[in-house]
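The structure appears below as structure tokens.
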Amino acid sequence: MKISGWSIAPVVLLASLGMISCKNAATSSEGAAVRLQGSGASFPFPIYSKWFKAYSEAHQNVEIDYQSTGSGAGVKSFIDKTVDFAASDKAMTPAEIARVEGGVQLLPLTAGTIVLTFNVPGVHELKLSRLAYVGIFLGKIKKWNDPAIVKTNPGVNLPGSAINVIVRADSSGTTFVFTQHLSAISKEFAASPGRNDMPAWPVGTRSKGNEGVTASVQTTPGSIGYIEYGYAKNLNMPMAVLENKSGNYIAATTASGQASLASTSMPDDFIAWNPDPTVPEGYPIVTNTWLLCYKQYPDKKKLAVLQDLLNYSLTDGQKDSESLGYIPLPAPVVEKVKAALQYIK
């Protein structure tokens with residue numbers, strides 16, 4: 001399968017296939033001299049597919065196969081050593097890392113925001129308070145003309161129809177980050193269902209992957225779901241403006257995401273969380289996403305390609321971030337991550 005761009009057609013296709021295989025045209029008859037297999041998070045799939053395709057086209061006899069299986073499945077494949085690398089929006093726990101012989105190197109390669117996209121006929125703009133969007137995902141706010149939604153949307157003709165909540169069906173890093181935020185702003189949500197990559201949602205229709213939630217919202221009138229910003233941006237889907245901790249209503253943009261990320265320092269293990277940013281101009285739901293690499297690769301050809309691919313992703317690849325709906329890593333973080341490549345041997 002080859003991906004030539006990012007449009008509606010790939011979203012529909014990827015929702016069912018969830019994979020991308022990028023190879024140089026020369027490999028079709030000769031076979032790939034080096035093949036890297038990866039799987040995991042759907043959150044960074046659009047930018048990873050762009051990077052892997054561009055890199056493969058520039059390097060003869062290199063094939064990179066990445067399957068968007070969800071963070072949980074990616075971590076499992078990585079622990080089982082059925083892939084060369086994996087990707088996760090919730091990094092890895094110490095217990096998970098301990099199960100990988102030889103060690104693990106987590107690398108944040110990009111960052112992004114999680115947005116609430118909606119499909120309400122006749123409604124193109126929507127502001128949601130913290131009370132409102134927590135209430136929706138707790139199943140307590142059931143109709144679009146609920147007073148908590150009407151209050152922040154004066155002049156908007158909100159229907160009295162039911163809210164169709166779309167949630168993830170798979171073990172998901174996007175879900176982990178989203179529920180971590182909801183738990184940070186609501187004691188009730190923290191108690192149940194709480195922070196989890198696959199929670200027992202009290203409400204919602206389940207769809208697999210960011211691709212599946214995107215497609216479900218597109219085709220379900222009255223729906224709302226959480227997805228990575230780039231999916232909504234590149235398909236021109238409406239996104240709710242959310243209330244942040246300062247009480248400001250903030251739209252998801254590169255600038256508002258950068259403001260929130262900048263408020264969190266990057267530790268040496270590269271695992272940094274800020275479930276409820278305090279900056280007044282910051283968007284409230286933002287996260288890094290990580291590539292999972294082994295610290296030891298017996299196949300030195302794979303090692304050389306992987307290290308070169310990582311360098312490309314951290315340099316030229318960062319230039320693709322904003323156009324695809326991601327947040328470029330700050331220069332100090334890029335240098336810190338590049339320095340960590342020495343631990344992959």
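The values are calculated or read from the model by the stated rules, or taken from the named source; none is laboratory data. Everything numeric here is computed off the predicted structure, so don't read it as measured data. When we count neighbours, we look across all protein chains shown, and the Cβ atoms used for this are built from the backbone with ideal geometry, even at glycine. Heavy atoms of the whole protein, side chains included, go into the accessibility calculation; ligands, DNA and RNA do not. Shrake-Rupley method; radii C 1.70, N 1.55, O 1.52, S 1.80 Å.
For region 105-128, state whether one or more residues are free of Cβ contacts under 8 Å to residues at least 60 places away in the same chain and either open to solvent by less than 10 Å² (accessible area, probe 1.4 Å) or of a type in the set (S, T, N, Q) (or both).
Going through region 105-128, the residues free of Cβ contacts under 8 Å to residues at least 60 places away in the same chain turn out to be 122.
Of the ones still in play, those that are also either open to solvent by less than 10 Å² (accessible area, probe 1.4 Å) or of a type in the set (S, T, N, Q) (or both) are none.
The answer is no, given that none of the residues of region 105-128 is free of Cβ contacts under 8 Å to residues at least 60 places away in the same chain and either open to solvent by less than 10 Å² (accessible area, probe 1.4 Å) or of a type in the set (S, T, N, Q) (or both).
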Could you pull out the residue among 335, 322 that is closer than 30 Å to residue 119 by Cβ and of a type in the set (Asp, Glu)? 322
Can you tell me which condition residue 226 does not meet? The list is (1) open to solvent by less than 40 Å² (accessible area, probe 1.4 Å); (2) out of contact with any His (no Cβ under 9 Å at 6 or more places or on another chain); (3) under 27 Å from residue 159 (Cα atoms); (4) in a loop (DSSP other than H, G, I, E, B), and all the others hold. (4)
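For region 101-137, give me each residue that is in a loop (DSSP other than H, G, I, E, B) and within 25 Å of residue 257 (Cα to Cα). Spell out how you get there, then give the answer.
Restricting attention to region 101-137, the residues satisfying the condition of being in a loop (DSSP other than H, G, I, E, B) are 101-103, 121-122, 124-126, 129.
Correct list: 124, 125, 126, 129.
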Of (1) assigned to a helix (DSSP H, G or I); (2) open to solvent by 20 Å² or more (accessible area, probe 1.4 Å), residue 232 satisfies all except one. Which? (2)
For residue 101, which of the numbered conditions (1) surrounded by fewer than 17 Cβ atoms within 10 Å (Cβ to Cβ); (2) more than 30 Å from residue 77 (Cβ to Cβ) fails to hold? (2)
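Among the residues that make up region 273-292, is at least one of them part of a helix (DSSP H, G or I) and open to solvent by less than 50 Å² (accessible area, probe 1.4 Å)? Spell out the reasoning first.
To start, the set of residues in region 273-292 that are part of a helix (DSSP H, G or I) comprises none.
Checked region 273-292: no residue is part of a helix (DSSP H, G or I) and open to solvent by less than 50 Å² (accessible area, probe 1.4 Å).
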Among the residues of region 163-206, write down those that are under 21 Å from the mean Cα position of the chain (by Cα), under 25 Å from residue 119 (Cα atoms) and open to solvent by 60 Å² or more (accessible area, probe 1.4 Å). 198, 200, 205, 206
Kindly list the number of the only condition in (1) open to solvent by less than 20 Å² (accessible area, probe 1.4 Å); (2) aromatic (Phe, Trp, Tyr); (3) in contact with a strand residue (DSSP E or B) (Cβ under 8 Å, 6 or more places away or on another chain) that fails for residue 297. (3)
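Output the residues belonging to region 84-100 that are in contact with a Phe, Trp or Tyr (Cβ under 9 Å, 6 or more places away or on another chain) and not in a strand (DSSP E or B).
84, 89, 90, 91, 92, 96, 100
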For region 36-56 the number of residues that are closer than 20 Å to residue 323 by Cα and part of a helix (DSSP H, G or I) is 11
How many residues does region 249-272 hold that are within 30 Å of residue 83 (Cβ to Cβ), in a loop (DSSP other than H, G, I, E, B) and open to solvent by less than 20 Å² (accessible area, probe 1.4 Å)? 2
